[in-house]
Structure formats: C-alpha cells, structure tokens
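Just below is one structure, and these are the notes that go with it.
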Amino acid sequence: MFHWEKCGTGQDPACCYYNLWVERNQQKCAQVHIYPNAGFKTTGLFWNGDWYGPAEPEWGPALKANSFLGAPVLFPTPNRVRNQTFRFEGKQYEMIKNGCRRGQHGIAFDSVWEHSDPAIESDAILLTGTLEILPGCDNYLAFPFPCRLTVTYRLTMKGLGFYYQVENTGDSDMPYGIGLHPCFTLQNAHEPVLLTIPAQALYEVTPDLLPTGRLLALDACKGYEVDQGRDVKTFRLDNGFLLKDGDTLLRYPERNTQLCIRTTPEFTVSVLYTPVALGQLPASEHPIFFLEHQTCCTDAINLHEAGVQNTGLLILKPGERNEGSIHYIFEEMTQ
C-alpha cells in the first residue's frame, strides 16, 4: 500500500528527491515528492488521478531553477524582512547568508537537511528531516540563535500532513515564525478553483508589500473578499490576511474534489499570491497560485519590536520547544 523510491541520484544533490506514494486497489491514490537537499521542500501533491502542484518530470527544469516553486519551508522569517535587517530586544541583526543579504522567506528553503529514509506505518508513509542552526554555520550568520527545526511529512490516502517542532538550543530568547509556501497548479487556464480563507482582516501594506501595522476590515476592502468562495483567478493579490478559526478550502468542481487546509492554532496568517493575474508571470496552459499558511505576518520581528499587536511572532525561551502542524486533506465534493 505504501511505497517510496529515491530519484535523481546521479544529478546535482539539490535535484535528488524522494518519491512517496500510496496505492489502493493497485492504483496510486496519493503521492508527493520531497527534496532534502533543497530545503526539504515538497512538490507535486497528487490525489485520485490528478496533480495539484508542479511535479517531476513536466515541471523538472522550473523546479530546479526556482527554490520557491513547490512548497518550501519558511523559517525563521516567513515572507519579507524590511531591509534584510531585524531588531529584537534592542539589538539589530543583518540577515546575511553566503555573503548575500536575505530578506525573503528565511534561510531554511535552500539549506541541506539531515534525514533518514522514509518509514512506513500502518496507515501512512513518512519522512523526517532536521535543520540545526549552530555557531559557525552559514545559517547562523543570518540568524544567530542556536535552534533545531524538525519536520515530518506524513502521506496517507487522504492527503499530506506537515508536522514541525522548533527547539531553542541557545541561552537567550529566540524569535521566529514558520510557514509553508505551496504552489498550486490548474489543469487549464479556465479551470474554476473556488477559494475560501477564514480571514477576519487584511494587513495593510506599503507599496513594497511590508505591513504598516494596521489591520483593515475585510468587508471594507474591495477585491480582497477571500472568504466568499470566489474563483481564485479573479484575484490580483500578494497579500496577507489575519485568520479566525476555521479551515481554508479549495474547491475544484471539475474534479469533484475539495482540498481542506487545517492547521494548529498558532498559524494565524494566510498569504494569497496570484502572480499570473498580477502580470509577474506570463499566461500559461497551467496557471499557478500560492496559498501560504504562516504563524506570523510579514516582517513580524520588526513589528513586534515596535509594539505592534497581532503579528503572530513566536518567542521561545532557552530550552523551550514548540510544535504544530498543517494538514492538506482531500475529499470528494458534496453539494
């Protein structure tokens, strides 16, 4: 029922990936690809005959060329950081990794993760990876807070689970956020995908998409009605929303499928990015969009330091751990 193989072993290590899949009645019913040497990101996400994200081999060249294509792990600073610099407890930190300033999506997405081979349980196949930030490593120069991030992907017949644990292994308080940046594909340029995000407010942003600290009521923001089941193609957005309780839903009427995204409570922010509608990517036979769930808003550390509320920033004391999960659950649509 549960199977895996290692692919691309003769290529650049960043191109190697694990192919995990589940069979029912000798047919694949769920599948995902995981790249341990490219930030431990996933690509693809297959269910009952259809791919819901870009996958090998069709998307192979694009996946190799773009670290953010697929579903990279965003840690410890999801989304953007103003001027690639943050202040915490009165001290300023410049995010520089491998000689380059890093101001978008953190430092985990292009790191090599420690991992073992997949494990099979009675109802799932899973793969666990660990990223440790310690003095002397490239990541520590950008984020000088010793810590350990452990991620497990768990594939079942119903979909994919993302489980994480963050541990502060240093001797001072550690600020952080975590999220996923999944890319979704449409079967064609006309396929309807009905989106419902349980949003309660919109983060007001500057022209360079950094939050001002103000929250705007959703019903007063024309064009941002992400809570009403509209077709995702009608949005022209790269914006974050403060969430209330409830699941995010993607409904695919032509596939008779609903994808439910369910998180633990610390995931308080969702970002919708529609690059084709914004003109940032050319029109395509298979348009893409991104639907990111994060524990904090963009530039959360700086906003928290300035006294802004509702940033979602998490802070671990020395020796403390925190854990949570995101679940992507498929089911047949009901009227």
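Quick notes on this structure:
- Rg/Rg_ref, region 168-296, where Rg_ref = 2.2 N^0.38 Å and atoms are Cα: 1.12
- Taken over region 1-136, the alpha-carbon convex hull comes to 145 cubic angstrom per residue.
- With all protein chains in place and ligands, DNA and RNA left out, the 1.4 Å accessible area ranks LYS6, LYS233, LYS97 as LYS6, LYS233, LYS97, largest first.
- Value of Rg to Rh for region 254-335 (Rh from inverse mean 1/r over Cα pairs, i.e. Kirkwood): 1.09
- 30 Å Cα cut-off, lysine pairs counted over the chain (separation 8 or more, or different chains): 26
- Percentage relative contact order, the chain, counting C-alpha pairs under 8 Å, at least six apart: 17 percent
- Across all directions, the average flat footprint of the convex hull enclosing the Cα atoms of region 132-242 is 10.6 nm².
- Gap separating the Cα centres of region 187-235 and region 239-280, nearest whole Å: 9 Å
- Solvent-accessible area per residue in the chain equals 43 Å², computed with a 1.4 angstrom probe and all protein chains kept.
- The chain: equivalent-ellipsoid semi-axes (sqrt of 5 x gyration tensor eigenvalues, Cα, Å): 29, 26, 18
- The chain - percent of accessible surface contributed by carbon and sulfur, probe 1.4 Å: 48 percent
- Convex hull volume of the Cα atoms of region 133-191, normalised per residue: 138 Å³.
- Relative contact order of region 20-136, taken over Cα pairs closer than 8 Å and 6 or more residues apart, is 22 percent.
- Net charge, ASP117 excluded, C-beta distance under 13 Å - Lys, Arg +1, Asp, Glu -1: -1
- Solvent exposure of LYS41, expressed as accessible area, is near 10 Å², computed with a probe of 1.4 Å over the protein chains only.
- Calculated [θ] (222 nm, deg cm²/dmol) that DSSP helices of n ≥ 4 give over the chain, each run adding -39,500 (n - 2.57): -1000 deg cm²/dmol
The values are calculated or read from the model by the stated rules, or taken from the named source; none is laboratory data. No experiment lies behind these values; they were computed from the predicted model shown. No Cβ is skipped: glycine too gets one built from the backbone with ideal geometry, and neighbour counts run over all protein chains shown. Note: areas computed on protein heavy atoms with side chains; ligands, DNA, RNA excluded. Shrake-Rupley method; radii C 1.70, N 1.55, O 1.52, S 1.80 Å.
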